[in-house]
């Protein structure tokens, strides 16, 4: 049976990396171990920032529309 500890292979791009010298992140999703090389970790963080920013813009746009409906109503 395979050990349930994160290893030095990226779970996304399958490259080998050294977390001590290169960076990256290792952890668990529930009980499933995962490792992310610095490039994949950076990419996921950028994607989160973009999606979170889009969500904030969407929410502020919705609030503006609600205000417009209240003022015309």
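No lab work stands behind these numbers, since they all come straight from the coordinates. In this text, all values refer to a predicted model and were calculated from it rather than measured experimentally. Neighbour counts are summed over all protein chains in view; Cβ atoms, including those assigned to glycine, are modelled from backbone coordinates with ideal geometry.
Annotation: peptides 10-18, 37-45, ranked by per-residue average of other Cβ atoms within 10 Å with the highest first, follow the order 37-45, 10-18. Please state the shape class of the range 1-53: rounded when a/c is under 1.5, otherwise prolate if a/b exceeds b/c and oblate if not, all from the C-alpha gyration tensor. Oblate, since a/c reaches 1.5 and b/c is not below a/b.
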